[in-house]
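Single-structure report; data block below.
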Amino acid sequence: MDAQSQVTAPQADVFAFFDEATNTVSYVVKDPGSRACAVIDSVLDFDYASGRTDTRSADAIVAHIRDRGLTVEWILETHVHADHLSAAPYIQERLGGKIGIGEKIRVVQDTFGKVFNEGTRFQRDGSQFDRLFAEGDEFTIGALPARVLHTPGHTPACLTYVIGEAAFVGDTLFMPDFGTARCDFPGGSAETLYASIQKILSLPDATRIFVGHDYKAPGRDAYAWETTVAEQKARNVHIGAGRPAAEFVTMRQTRDASLAMPRLIIPSLQVNMRAGRMPEPDANGKSYLKVPVNGL
């Protein structure tokens, strides 16, 4: 076995939670040598028609952690999601842990602070989060080593968390039969995404990759969310088999031009750029979400 195929890092214990309403996969990642864990990309259920939230998805994660006597050290976001609301504050309130995201959240906050015409009360410095990660940062979950790859392209703040021998890539890559993330949101770039994917594919071939969403590609009956670097390099329908950058960019831009906006993009962006918190209440004590007409 050559060096590219080897993975020498300890193996994380990974538990997945799939939310079919948003096709999102959330993860509990446990240190195999202790009770320490992290939660990645949690979901707060939201009914757009009524404006009501629900915590059933987050409660499943909370119950899993409590039932096993685990200790939450981190509540991690791979990026500011446009397709679901984060349950990070809800989980933190019940189980503790620090909420972390990429330091380029400031860019996202500035961009969407303008889109939603947020006033001066909305801070654009990332202070809503407990930790802002940069490329190469290292941290631990118990004794389990973790490091950060900045993998923008889908959004400026996208991160991949390499935890033990597993990589949590958010929306950057999907399962090999579904491809890669869209790049047409403000601050997105197909050229940048291509470079970020190459960074992920430079990890050892046996590295387990856990994706942030699955949509069951045509011909596949079951949802799936775990693959490997080797499988992505060989079979990813958008980037595999050494597809050159120029060809990928043309494909990605053409495909993105045909895609509709995510159903929950309006509430998701406003909540997630605040680390999962609702906008500050008005004088009547209620929080409101804005709809920027022709703004996206």
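Of note:
- Computed log10 I(q)/I(0) for region 116-185 at 0.13, 0.15, 0.25 Å⁻¹: -0.52, -0.66, -1.14, from the Debye equation with unit scatterers placed on every C-alpha and solvent omitted.
- The chain, helix-only ellipticity at 222 nm - DSSP H runs n ≥ 4, -39,500 (n - 2.57), divided by all residues, nearest 500: -7000 deg cm²/dmol
- Counting other Cβ atoms within 10 Å as a rough exposure proxy, the listed residues Trp225, Trp74 run Trp225, Trp74 from fewest neighbours to most.
- Placed amide H near Thr71: partners under 5 Å, 5+ positions off or other chain: Ala36, Cys37
- For the chain, the relative contact order works out to 18 percent when only alpha carbon pairs closer than 8 Å and six or more residues apart are counted.
- Summed residue charge, Cβ within 10 Å of Gln92's Cβ, Lys/Arg positive, Asp/Glu negative: 0
- Computed from the C-beta positions of Val237 and Glu135 and an R0 of 41 Å, the FRET efficiency is 0.90 to the nearest 0.05.
- When restricted to Cα atoms, region 50-178 yields an Rg and a Dmax of 15.6, 44 Å, respectively.
- Extension reserve of the Ala49-Ser127 stretch, reckoned as 0.36 nm per residue once the Cα distance is removed: 25.0 nm
- Residues of region 256-270 falling in the label zone of Lys290, defined by backbone nitrogen less than 20 Å from a point 7 Å along Cα to beta-carbon, are 262, 264-270.
- Under the Debye formula (equal points on every Cα, no solvent term), log10 I(q)/I(0) of the chain at q = 0.11, 0.14 Å⁻¹: -0.62, -1.04
- Between region 238-269 and region 85-131, the alpha-carbon center distance in angstrom: 25 Å
- Charged neighbours of Ala58, selected by a Cβ distance under 13 Å, balance to -3 (K, R count +1; D, E count -1).
Bear in mind that the values in this text are calculations on the coordinates, not laboratory data. None of the values given here were measured: they were computed from a predicted structure. When we count neighbours, we look across all protein chains shown, and the Cβ atoms used for this are built from the backbone with ideal geometry, even at glycine.
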